[in-house]
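Everything below concerns the one structure shown next.
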Amino acid sequence: MPEIILQLETVTQCPICKSTHRETLYDDLVDTYLGVAPNKWHLYRCTNCEAAYLDPRPTRETIGEIYAHDYYTHSTTPVSQKGLKAAFLALRNGWLNRRVGYRFFPAWSIGYYLFNLFPNAFLTHWIHHARGLTPPISNSNPPIWLDIGCGNGEFLSRIQTAGWLVEGIEPDQQAAHIAKQYGFKIYNETLETTLLQPNYYDVISLSHVIEHLHDPVAALQMCYAALKPNGRLWLSTPNLNSFGHQFYKRYWLHLDVSRHLVLFNQKSLEISLKQAGFRNIEYLPRGFHVAPVYSHSEASKMGNIPTVKISPTFFQRLKWLPQEMRHGIVQPDAEELIINAYKPLN
């Protein structure tokens, strides 16, 4: 693997509230997610808004180098399932089609009634992957959804089945190339350099994007301007106040140093959204998802540098099952903050 050379820039004030008052959260962090970023990294926490941020951090011009090695958005759509996996998929499709408006095939309608018997943590996990999707009111005038950081277009392909017009922004060339093969309109650039039509989109989504940006508030302001009045922003990001961070501390997976430039808790995220103009902020549950986060964090704590393909063992899943079940409803110490926020009508 060729050596990665990053240019760094100093961060003199909090990227969220511009305060210069901070405390050291962690010194000498290393890249334990992909294991490719050089250097040791320093993470500070703003004592005003409580956001955490890297200083120094990679510049806009060179940060792309640390996404070029086996990042998860580079994968293509999974191959067709067979046997029991295919049957489970058909049942789940039946539930999703009825619940959130997908039009997946094959789908067994009995899945809707069967899966409604499942614990809420399973169901909210599947709803999470729909990003709060609802079916369009009219097929003659379909609404428009923009997914920022759309990766390989897998999510866009899902919501298109529900009748939405879809567009995506993806700065990574390899991932954008995969997404374009679906026939979607993809902007192969950053949000900052994309010229978006004002008052145009019905929904804009950012799934684990905001923490990667150099200026999160400016990005949210761009989203606000591009949404129609009463348009919806859906956003998910790691929660700095999560149980996982409290337990694993500097080994927590979502620190993801060198790629995660800013990390939020509820306070700092709400400050960011309100600065951009959003109102009516709603928190959503995440559902079944913590085992991969904890297994990676635990491996890092034991001195290993795992890959992004690490999978929890059966015993690890059993060990963390109580935590998983809690995430069927909104939890202040959930691994992720997930919100709907709205642009006012006037």
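The values are calculated or read from the model by the stated rules, or taken from the named source; none is laboratory data. Remember, it's a predicted structure, so these values are computed and weren't measured experimentally. Backbone-built Cβ (ideal geometry, glycine too); neighbour counts: all protein chains shown.
Per-residue answers, yes or no, for (1) touching a residue at least 40 places away in the same chain (Cβ under 8 Å); (2) small (Gly, Ala, Ser):
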{"residue": "281", "(1), (2)": "yes, no"}
{"residue": "291", "(1), (2)": "no, yes"}
{"residue": "321", "(1), (2)": "no, no"}
{"residue": "346", "(1), (2)": "yes, no"}
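Residue-level analysis places residue 245 outside the set of residues that are crowded, with 18+ Cβ neighbours inside 10 Å, modelled with pLDDT of 95 or more and part of a loop (DSSP other than H, G, I, E, B). Scanning the range 227-242 for residues that are crowded, with 20+ Cβ neighbours inside 10 Å and within 19 Å of residue 267 (Cβ to Cβ) yields a total of 8. Counting only residues that are within 19 Å of residue 339 (Cα to Cα) and in contact with a helix residue (DSSP H, G or I) (Cβ under 7 Å, 6 or more places away or on another chain), how many does the range 92-122 have? Residues meeting the conditions: 2.
In the range 159-218, the residue that is surrounded by the fewest Cβ atoms within 10 Å (Cβ to Cβ) out of those that are among the β-branched types (Val, Ile, Thr) and farther than 29 Å from residue 52 by Cβ is 161. When 54, 34 are checked against the criterion of being closer than 21 Å to residue 238 by Cβ, modelled with pLDDT of 95 or more and among the hydrophobic types (A, V, I, L, M, F, W, C), a single residue qualifies: 54.
Yes or no, residue by residue, for (1) in contact with a Pro (Cβ under 8 Å, 6 or more places away or on another chain); (2) part of a helix (DSSP H, G or I); (3) surrounded by 19 or more Cβ atoms within 10 Å (Cβ to Cβ):
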{"position": "286", "(1), (2), (3)": "no, no, yes"}
{"position": "291", "(1), (2), (3)": "yes, yes, yes"}
{"position": "316", "(1), (2), (3)": "no, yes, no"}
{"position": "333", "(1), (2), (3)": "no, no, no"}
{"position": "340", "(1), (2), (3)": "no, no, no"}
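Which residues, counting only those in the range 105-119, are hydrophobic (A, V, I, L, M, F, W, C) and surrounded by 16 or more Cβ atoms within 10 Å (Cβ to Cβ)? 107, 108, 115 - these are the residues of the range 105-119 that are hydrophobic (A, V, I, L, M, F, W, C) and surrounded by 16 or more Cβ atoms within 10 Å (Cβ to Cβ).
Taking residue 79 and the conditions (1) surrounded by fewer than 19 Cβ atoms within 10 Å (Cβ to Cβ); (2) hydrophobic (A, V, I, L, M, F, W, C); (3) at pLDDT 90 or above, which numbered condition does it fall short on, given that it satisfies the others? All conditions are met except number (3). Can you tell me which residue is surrounded by the most Cβ atoms within 10 Å (Cβ to Cβ) among those in the range 9-51 that are among the charged types (D, E, K, R), outside any loop (DSSP other than H, G, I, E, B) and out of contact with any Cys (no Cβ under 8 Å at 6 or more places or on another chain)? Looking at residues that are among the charged types (D, E, K, R), outside any loop (DSSP other than H, G, I, E, B) and out of contact with any Cys (no Cβ under 8 Å at 6 or more places or on another chain), I get 45.
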